[in-house]
Amino acid sequence: MTKRVSILGATGSIGDSTLDIIRRAEPGVYKVVSLTANKNAEKLAALAKEFHVEFVALADEAGAKSLQALLAETQIEIGIGQGALIEAANRPADFTMAAIIGAAGLEPTLAAVAQGNHIGLANKECLVCAGETFMKAVADSGATLLPVDSEHNAIFQVLEADQPDGVKRLILTASGGPFRDKTQKELQSVTREDALNHPVWDMGAKITIDSATLMNKGLELIEASYLFDRPSAEIDVIIHPQSIIHSMVEYIDGSVLAQMGSPDMRTPIAYALGWPSRINAPVERLDFAKISQLSFFDPDVVRFPALRLAREALEAGGCAPCVLNAANEQAVAAFLDGRIGFTDISKVVAKTLERESAGRDYGCNPGAVEAIIGVDQAARRTADEQIVSL
Ligand code: NDP
C-alpha cells in the first residue's frame, strides 16, 4: 500500500534526508502529500514539482509571488502564511515528518498529531516548550510518536517499554561538538564559522550551534524526559566523540542496551518512516575492525553551562523549559547575525530564566497552546533585552 507522507520543514537538513530516502524507494511506495518551508520558495517549488505533491505551504508571505510564479504551470495547490502550515499538516497523511526548526513547529506538529497517524518527531523544541500538553495531545489522538532525533530514536529502539520498572536510567550520548577541547578563554573568541563546523554531524545552522554550546543535549534531556516519562535524575549525558553509540538504556539487572550506527540521520529517519518494518537506508555501514576506539567522558558544565541550565529548567518544570528554549532561539539567532559572542548565548539564556522566574508562578503548567505561545513570546522579548544590554 502506498504510504502518504507530509514533510513540515521540507527544505531543511532533515527534509533533505527524508526526501533522499523517498527518492530512492520503488515507485508507488510513497506519495508525498504536502511540503512546507519558511522562506525558500525556489527549493520548495523544485521539490514540489519533483515529487508531484498535492499542496505546498510557505510561511513567509514575502515569498508568495515567487512561489506562485514558479508553480504557475502546475496543479499544485499553494498556501501562504502560518495558517497554510496548519493546512499542510491537516492534509490526510499516514506519516508526517515534523522537521520545522524551533518553537515555530509546535502548532503545525500538533495539527499533524491530531490526525492520529504516525509522526516522525525531529522538532525537539515542540516537546521542550510544551512537553505535557504535547504528550497529552498524542495520547488523546492515538498518534504514534516516532522519535527521529538520533539519541531518542536509539532509546526507542532499545527500550523495553512494557517493563518500565526494569529501567534504571537512560544515557544520552553527545559528540561534544567542535569546541569539546577548548578552554573557557578560547571559547570567548570562537567565530560563527568555527561553531558551524561540526566535527561529526551535518545539520541545519541552529542545531549545529546548539551542539557547540551543548544546549542541544540540554534540549534533548528535556525531550527524553517527556518522551519516555522519566525524571531528570534518571537521565544521564555522556560525551562520546565518535558518535557511534547513539544512546543507551541501563536496566536494573546491570544490562546496558545500546543502538549503534554511522552518524547519519538517514538511519533514524528510515526507522521512523518504515516503522514497524525496517527499510533500507543508504548509509555507510559500521566496520568494527576499523573503529579503533570508543571513548566516553563526563560533560563539563562549567565550560558548557547550557546543559546545566537545561537540567535546571527541566527540574523547575512548568514554564521553565519553554523560557529556556525561547531565550536560546533568540540568542542563537543573535550569535549567527554577529550581534553577540559564543559564550554570550548561555548568559542570555541564564539571565532570561532569572528574569522570567521573578514574580510569576514559574512552576505552573501553562496548559493550553495559546498560553504556551504567550510564555514563549514574553521570554523572547526578555531575551532580546538581554542581548541588547550585554
Ligand atoms: P534546518 O534549519 O535545516 O531546516 C528547518 C526547516 O524549517 C526548513 O524547511 C525551514 O524553511 C523551516 N522553517 C524555519 N523557520 C520556520 C518558521 N518560522 N516557520 C515555518 N518553517 C520554518 O533545520 P534541521 O533540518 O537541521 O532541523 C529541523 C528540526 O530537526 C529541528 O528541530 C532540529 O532540532 C531537529 N533535528 C535535526 C537534526 C539534523 O541532523 N539536522 C538532528 C536531530 C534533530 P526554509 O528553508 O525556508 O528556511
Any idea what the dipole of region 218-293 comes to, in debye rounded to 20, about its Cα centre with Lys/Arg Cβ at +1 and Asp/Glu Cβ at -1? 380
Quick one: of the DSSP bridges fully inside the chain, what percent are antiparallel, nearest 5? 30
Under 28 Å from the Cα of K168, which lysines turn up, not counting those fewer than eight places away in the same chain? K124, K136, K217
Sort 138-145, 240-247 for me by packing, meaning the mean count of neighbouring Cβ atoms within 10 Å per residue, highest on top. 240-247, 138-145
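Can you sort F297, F179, F304, F134 by how many other beta carbons sit within 10 Å, fewest first? Could you put the intermediate results ahead of the total?
Details: F297 11, F179 20, F304 26, F134 23.
Taking fewest neighbouring Cβ atoms as first place, the list is F297, F179, F134, F304.
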Taking the Cα centre as origin and putting +1 on Lys and Arg beta-carbons and -1 on Asp and Glu beta-carbons, what dipole magnitude results for the chain, to the nearest 20 debye? 500
Report the residue, chosen from A320, A272, A64, that carries the largest GNM mean-square fluctuation when the chain is represented by alpha-carbon nodes joined by springs under 10 Å. A64
Taking other Cβ within 10 Å of each residue's Cβ, how do I119, I373 sort, fewest first? I373, I119
Taking the Cβ of each residue in R266, R355 as the centre, tally the other Cβ atoms inside 10 Å and list the residues starting with the fewest. R355, R266
Which order, highest average first, do 97-103, 121-127, 281-287 follow once you tally other Cβ atoms within 10 Å for each residue and take the mean per peptide? 121-127, 97-103, 281-287
Per residue, how much space in cubic angstrom lies within the convex hull of the C-alpha atoms of the chain? 142
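Just so you know, all these numbers are worked out from the coordinates, no wet-lab data involved. Since this is a predicted model, take the numbers as computed values, not measurements. As a convention, Cβ positions derive from the backbone with ideal geometry for all residues, glycine included, and neighbour counts pool all protein chains shown.
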